[in-house]
Amino acid sequence: MIVVEKLVKSYNANRVLHGIDHAQPRGQTVVLIGPSGCGKSTFLRCLNQLEIADSGRITIGDVTIDGGRAPRNATERERQRQLRMRSGMVFQQFNLFPHLSVLQNVIVAPIVVKGVAEAEAEALSRGLLAKVGLENKADAYPGQLSGGQQQRVAIARALAMQPDVMLFDEPTSALDPELRDEVLRVMRQLAEEGMTMIVVTHEMQFARDAADHVLFFDGGHVAESGPPEQIFSDPKHERTRDFLRRVTTR
Amino acid sequence: MSNAWRWSRVTWFTKIFFVLLLAGVALPVLPSDQLAEIKSRGVLLWGADAEGGAPYVYPDPDKPERMIGFESELADAIAARLGVKAKMVQNQWDQLIPALGGGNFDIILNGLEITPDVQQQVAMTEPYYVYTQQIVTRRESGVPTTMTELKGKAVGVQSSSVAQRLLEKMGGTDLRIYPGNVESFRDLKAHRIDAVLLDLPIAIFYAKPDAELQFSGAPFAPGYYAIGVPKEDTMLLAALNQAIHDLAADGTLERIDRKYNVWDERQAQLKDYIPTAVAQTKAISTLREWPKYLPRLLSGAVVTVKISVLAMLLAVVVGLVIVLMRLYGIAPLRWAAAIYVEVMRGTPLLIQLFLIYYGLPQIGIRLPASFAAILGLGLNYAASESENYRAGIQAIPKGQMEASQALGMSQWQCLRHVILPQAFRLVIPPVTNDFIAMFKDSSIVSVITMVELTKVYGMLAMSTYDYIGLGIMTAGIYFALSYPASLFAQWLERRLAHDRR
């Protein structure tokens with residue numbers, strides 16, 4: 001489903017990703033953990049082309065893009081768009097559209113990007129809002145919702161494009177602790193339903209319960225990877241042990 | 001206790017108030033002798049307009065810091081008779097009479113015609129020149145040659161000149177009012193108007209040497225130029241009359257006139273001048289007679305509204321194109337947009353209007369005045385709108401663009417559905433501010449013959465001299481039109497404020 005080969009990304013002279021390889025079958029949930037600044041978010045942002053990798057190759061489903069440069073012509077732009085349409089992104093800061101109602105936030109992309117008929121898009125979107133438990137907030141505006149509610153709307157908005165993969169970039173980090181569970185619950189449900197997901201998070205409990213596979217990022221490398229029970233109970237790497245000790249005793 | 005204290009305090013202020021009041025009332029009634037003042041300071045200050053002022057008074061082409069002209073030399077000769085030096089004070093011509101009241105200069109010596117209107121405001125000396133009106137046309141056109149033939153034609157006149165008054169009285173012409181005479185000749189040559197009606201001396205200086213123009217028909221409607229003096233300065237008036245009389249008698253007047261090619265046989269009529277007593281009419285209160293003046297002001301307001309609304313529409317649309325070029329265009333478009341903004345912002349609107357209206361005809365583009373006004377204001381404000389938009393767009397968090405891209409939107413789709421609608425609300429206050437500013441600034445288009453609200457005010461004030469009453473009415477109209485615009489903007493902003501709880 002997802003294949004990443006030798007992904008390299010630098011900001012000026014500072015190399016953030018040192019040739020990441022990653023393969024992930026359909027329906028798996030992969031959780032990325034690691035200290036701040038280790039390259040987890042950059043990796044995720046490269047996957048849907050919010051950052052353009054210096055080199056390497058990204059394949060999601062049937063779309064493959066090589067790193068190196070931003071698209072220059074219509075064909076390349078179209079391929080980039082296709083890749084983005086196959087992945088849904090959930091941001092740390094939600095990034096909902098404040099001038100649109102909750103329902104409009106969810107239906108705008110299917111209508112504008114895919115050309116879905118409005119009635120069809122609305123039916124789909126109301127279903128998704130019900131799924132994240134916000135069907136009664138369809139006419140509210142983002143400014144009227146709590147952070148947890150906003151993040152659930154953001155999930156519904158990403159799902160509305162019916163992506164093959166969902167990318168979560170620290171989805172609960174901006175939330176008060178008591179609001180995190182409602183978001184994690186929705187994410188767990190998605191994972192159980194067989195959505196292919198990559199999640200960058202500091203929620204170790206979620207990683208332990210929901211992940212099929214955990215990648216430990218350190219200094220732009222994948223320092224260790226494996227099933228959660230192995231990573232959390234028997235980490236091979238000294239750095240992994242250090243990191244886990246620090247986050248679990250916090 | 002506290003009561004007594006307060007009373008004494010009030011009395012104290014009242015005392016000062018009365019002293020000031022008495023001083024204020026007493027000063028103007030003190031016997032004033034401006035002649036003595038002039039002699040003691042050794043300088044006679046004379047008010048005139050040297051802009052396009054030839055052959056009356058104008059900068060010497062060879063030595064621009066020096067003023068020449070037949071009135072300039074007359075002023076020197078008169079001052080010499082009074083035993084002082086003459087010094088010119090520059091003042092816009094159609095504002096000379098109000099400025100004399102303000103005390104910036106002692107006399108008006110600048111083609112001021114002896115008319116009952118003028119004599120209501122200032123005392124006039126004996127005349128020093130007999131002027132006539134002359135019709136000037138393009139060389140090839142045969143007509144018009146008389147006043148009546150001007151009917152149905154577009155005729156240029158200088159603001160508040162005798163020519164304007166004559167044509168307004170006759171009616172039936174398409175009257176175009178210019179700040180000076182140079183501009184009217186330019187428009188005549190640009191085929192924007194059919195004829196110019198003006199005082200003969202100006203025609204002799206500007207139109208006669210011009211191969212494209214001709215004098216059409218004989219001069220008519222003779223009248224007198226005289227010096228205007230504040231009414232209370234009777235001693236000064238007498239001294240000036242004596243000086244003019246002496247200069248006419250010893251041939252100085254003729255010598256000066258001949259030097260500037262404005263002498264003709266009509267000057268013999270100067271000695272036939274008999275001062276007529278002018279009945280002092282009551283001062284006009286335009287506020288009390290508002291039904292007579294308000295409709296004329298409102299007709300000017302219609303022009304103001306039309307121009308500013310259309311110009312703002314143009315500015316809003318062009319500004320959007322410019323900001324999109326600047327933020328999202330390829331490099332050459334970005335540079336072009338940046339240069340446009342800097343040039344429009346860094347040069348005066350007045351110059352831009354002049355270039356569009358008087359400059360473009362020289363390369364064959366002749367725009368009607370209303371079109372030029374809308375274009376000039378609109379293109380100028382477009383620069384400022386594009387900067388408003390730029391600030392608004394850049395205030396939208398980066399995450400909005402990223403979220404749209406992640407959903408597969410193209411840059412244009414993101415702008416259209418996400419960025420611009422949010423920026424729209426942010427720019428409502430500055431754009432409204434610009435609209436109201438433009439609404440008031442639009443008075444500047446009177447320099448290209450548009451008769452809008454402020455121009456109508458100026459014209460009415462000139463004939464009634466009731467600056468206060470008309471000023472209150474005019475300001476009231478401006479306010480009555482701009483305040484609803486600001487209320488509408490506040491309402492719109494509130495309506496769109498979804499993201500605030």
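The values are calculated or read from the model by the stated rules, or taken from the named source; none is laboratory data. None of these values were measured; they are calculated from a predicted model. Please note: Cβ atoms are built from the backbone with ideal geometry, for glycine as well, and neighbour counts cover all protein chains shown. Accessible surface areas use protein heavy atoms only, side chains included; no ligands, DNA or RNA. Shrake-Rupley method; radii C 1.70, N 1.55, O 1.52, S 1.80 Å.
Odds and ends about this structure:
- Cα pair distances in region B:290-495, grouped into 10 Å bins until the bin that holds the longest one, percent each: 8, 28, 30, 20, 10, 3, 1
- For residue B:153, a cut-off of 23 angstrom between C-alpha atoms picks up these lysines, skipping any fewer than 8 places away in its own chain: B:169, B:189, B:208, B:455.
- Checking the cross-link pairs B:63/B:271; A:9/B:398; B:85/B:259; B:151/B:231; A:9/A:114; B:231/B:440 against a 29 Å limit on the alpha carbon distance flags B:63/B:271; B:151/B:231; A:9/A:114; B:231/B:440 as lying beyond it.
- Kirkwood hydrodynamic radius over Cα pairs of region B:107-222, then Stokes diffusion coefficient at 10 °C and 1.306 mPa s, in µm²/s: 109 µm²/s
- Within region A:49-97, the residues that become at least 20 Å² less accessible when every protein chain is included than when their own chain is isolated (1.4 Å probe; DNA, RNA and ligands ignored) are A:50, A:81, A:84, A:91, A:95, A:97.
- For chain B, hydrophobic long helices are taken as DSSP H runs at least 24 Å long by C-alpha position along their axis with mean Kyte-Doolittle hydropathy of -0.5 or more; these are B:2-29, B:290-328, B:369-394, B:420-441, B:467-496.
- Taking A:207, A:138, A:123 in turn, the Gaussian network model of chain A (Cα-Cα springs below 10 Å) assigns the largest fluctuation to A:123.
- In region B:352-438, the trypsin sites (Lys or Arg not before Pro) that fall in loop regions by DSSP, at most 16 other Cβ within 10 Å: B:366
- About the centre of its Cα atoms, region B:79-224 shows a dipole size close to 220 debye [charges on the beta carbon of Lys, Arg (+1) and Asp, Glu (-1) only; nearest 20 debye].
- Residues of type lysines that residue A:6 reaches as a straight line, Cα spacing below 16 Å, ignoring anything fewer than 8 places off in the same chain: A:40
- In order through region A:199-207: 3J(HN,Hα) via Karplus (6.51 cos²θ - 1.76 cosθ + 1.60), integer Hz, x for Gly, Pro: 10, 8, 7, 9, 7, 5, 4, 4, 4
- Values of log10 I(q)/I(0), in the order q = 0.05, 0.06, 0.07 Å⁻¹, for chain B under a Debye, Cα-only, solvent-free model: -0.29, -0.41, -0.54
- Positive end of the dipole of chain A (Cβ unit charges, origin at the Cα centre): among A:47, A:23, A:146, the Cα lying farthest that way belongs to A:47.
- Taken about its Cα centre, the protein assembly as shown carries a charge dipole of roughly 1380 debye when the Cβ of each Lys and Arg holds +1 and the Cβ of each Asp and Glu holds -1.
- Among the protein heavy atoms, those of residue B:412 account for about 140 Å² of accessible surface (1.4 Å probe, every chain in place).
- For residue A:141, solvent-accessible area (1.4 Å; no DNA, RNA or ligand), Å²: 50 Å²
- Shown here: region B:154-205, whose C-alpha atoms stretch 26, 23, 16 Å along the first, second and third principal axes, sorted largest to smallest.
- Farthest toward the positive end of the dipole of the protein assembly as shown, out of A:232, B:396, B:253, is the Cα of A:232, where the dipole comes from beta carbon charges about the Cα centre.
- Under 5 Å from the amide H of residue B:129 lie the amide H atoms of B:225, each residue being 5 or more positions distant or on a separate chain, with H modelled from the backbone and absent for Pro and chain starts.
- GluC sites (Glu not before Pro) within region A:174-250, DSSP loop, no more than 12 other Cβ atoms inside 10 Å: A:193
- The fraction of Cα-Cα pairs per 10 angstrom bin, counted from 0 for the protein assembly as shown, comes to 2, 11, 15, 15, 12, 9, 8, 9, 9, 6, 3, 1, 0 percent, rounded to whole percents.
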